[in-house]
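Take a look at the structure set out below.
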Amino acid sequence: MKPATRPSSLDFEKRKKDHIDISLREESQAFVDQFSRVELQHCALPEIDYTDVTIGCEVFSSRLKSPLFVSSMTLGHDGAKDINHIMAKLCEERGWMMGVGSQRRQLFDSHAYSECEALREQFPHLVLFGNLGLSQVIQTPVEKVQSLVDSLGAQFLVVHTNPLQEVLQDEGTPQFAGGVEALAQLCAKLGKPVVLKETGCGFSLKTFELLSDVGLAAIDVSGMGGTHWGRVEGLRLPEDSLGYQVAETFKDWGLSTVDSVLHGNHSSFSGEIWASGGVRNGLEAGKLLVLGASKVGLARPILQAALQGELELAKLMERLETELKIAMFCLGCAKLPEIIGKRDLWVWK
């Protein structure tokens, strides 16, 4: 919990590798029993054929074949290129959108631009979104942020807000004063839509209201239920250290993805609500769509499959889509607008 210093490329790479390795461990997961509370209302007479069910949608005028997307995960270290290549190839083929890991390294290492430029060149039709932390956005001119977006050829930018992770991380940057104003300026001046996301701790109703007039195109709630970055940062440290002990205290801090989506629906925020955090199958994705999310992201399950190779990731993506379509069929709904935010399709158990 010391003031942040300018990272070196080697330090940055090591931290990102640590993050990937630890996020695959079960101890990093904040398993929350959130989806069992939501009971979808089975339709015994759907009046449609299963072949009628389609999950195509749009994101900021770009056409997608699925509301499912690969959340921002990895960038800027050895090994990231191969992982991103596999994910990007499958996302382009299946019509998913995909985010890259933090582009922070590009702020201090000009050579880092090449990784993003190569990804876009290789997958020209992929809907890609950039990624930068809010504490970096606060300190960075909009023109510089624009250069990060342009290097990726990104259709939009995701800004991640992660106060718990930053304050627990030894190298963290827990400087968030002026964040709302910085977001408003970014939304007004950046030539692309801006999406704000958490990294596993969710959004309260109060936070949604705070952001209602900022100009955000969407909020990805990224609630508690999956990888918990407070846990990840603690697991990077010796067990007898202050940081590890404090991280243990906060290992269950946050709002669930389900609760965060509901907070968004009850707020005056007018942009799209996206949901990620603890989603492990297509039925859970369907529940979040019914609750009011318009897009649903996954990270750890995608990473686990991608590390096993292209075939395993293809199988996972097909299974997720099939599970979502079956949920829609058994609700009697053929198209996504028929289920998104439909209160009559679910009850609390």
* Asked: loosely packed, with under 15 Cβ neighbours inside 10 Å and touching a residue at least 60 places away in the same chain (Cβ under 8 Å), is that true of Lys349?
  -> yes
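Does Leu128 fit the bill of being at pLDDT 95 or above, within 17 Å of the chain's Cα centre (by Cα), more than 30 Å from Tyr244 (Cα to Cα) and of a type outside the set (S, T, N, Q)?
yes
Residues checked against (1) farther than 29 Å from His125 by Cα; (2) of a type in the set (Phe, Trp, Tyr); (3) assigned to a loop (DSSP other than H, G, I, E, B); (4) at pLDDT below 95:
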| position | (1), (2), (3), (4) |
| --- | --- |
| Lys14 | yes, no, no, yes |
| Phe31 | yes, yes, yes, yes |
| Cys43 | yes, no, yes, no |
| Met73 | no, no, yes, yes |
* Does Ala285 meet the test of being assigned to a helix (DSSP H, G or I), farther than 20 Å from Val70 by Cα and in contact with a strand residue (DSSP E or B) (Cβ under 9 Å, 6 or more places away or on another chain)? -> no
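Just the residues that are surrounded by fewer than 20 Cβ atoms within 10 Å (Cβ to Cβ), over 18 Å from Ala80 (Cβ atoms) and in contact (Cβ under 8 Å) with a residue 12 or more places away in the chain, please, taken from region 308-317. So that I can check it myself, show each step before the final result.
We begin by selecting, within region 308-317, every residue surrounded by fewer than 20 Cβ atoms within 10 Å (Cβ to Cβ); these are 308-312, 314-316.
Then keep just the ones that are over 18 Å from Ala80 (Cβ atoms); that gives 311-312, 314-316.
Of everything in region 308-317, those that are surrounded by fewer than 20 Cβ atoms within 10 Å (Cβ to Cβ), over 18 Å from Ala80 (Cβ atoms) and in contact (Cβ under 8 Å) with a residue 12 or more places away in the chain turn out to be Ala314, Leu316.
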* To do: Return only the number of the condition from (1) closer than 25 Å to Lys325 by Cβ; (2) within 18 Å of the chain's Cα centre (by Cα) that Asn265 does not satisfy.
  => (2)
* Where in region 142-220 are there helices (runs of 4 or more DSSP H), lying fully within it, with 1 or more residues that are closer than 22 Å to Ser256 by Cβ and among the polar types (S, T, N, Q)? -> 163-168, 205-210
* Asked: Can you tell me which residues in region 247-278 are hydroxyl-bearing (Ser, Thr, Tyr) and either in a loop (DSSP other than H, G, I, E, B) or in contact (Cβ under 8 Å) with a residue 24 or more places away in the chain (or both)?
  -> Ser256, Thr257, Ser260, Ser267, Ser268, Ser270, Ser276
* Asked: When Ala305 is evaluated against the numbered criteria (1) aliphatic (A, V, I, L, M); (2) buried (at least 17 other Cβ atoms within 10 Å of the Cβ); (3) touching a residue at least 24 places away in the same chain (Cβ under 8 Å), which criterion, by number, is the only one it fails?
  -> (3)
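The values are calculated or read from the model by the stated rules, or taken from the named source; none is laboratory data. Given the structure is predicted, the values throughout are model-derived calculations rather than measurements. Cβ sites come from the backbone with ideal geometry, for glycine too, and all protein chains shown count toward neighbours.
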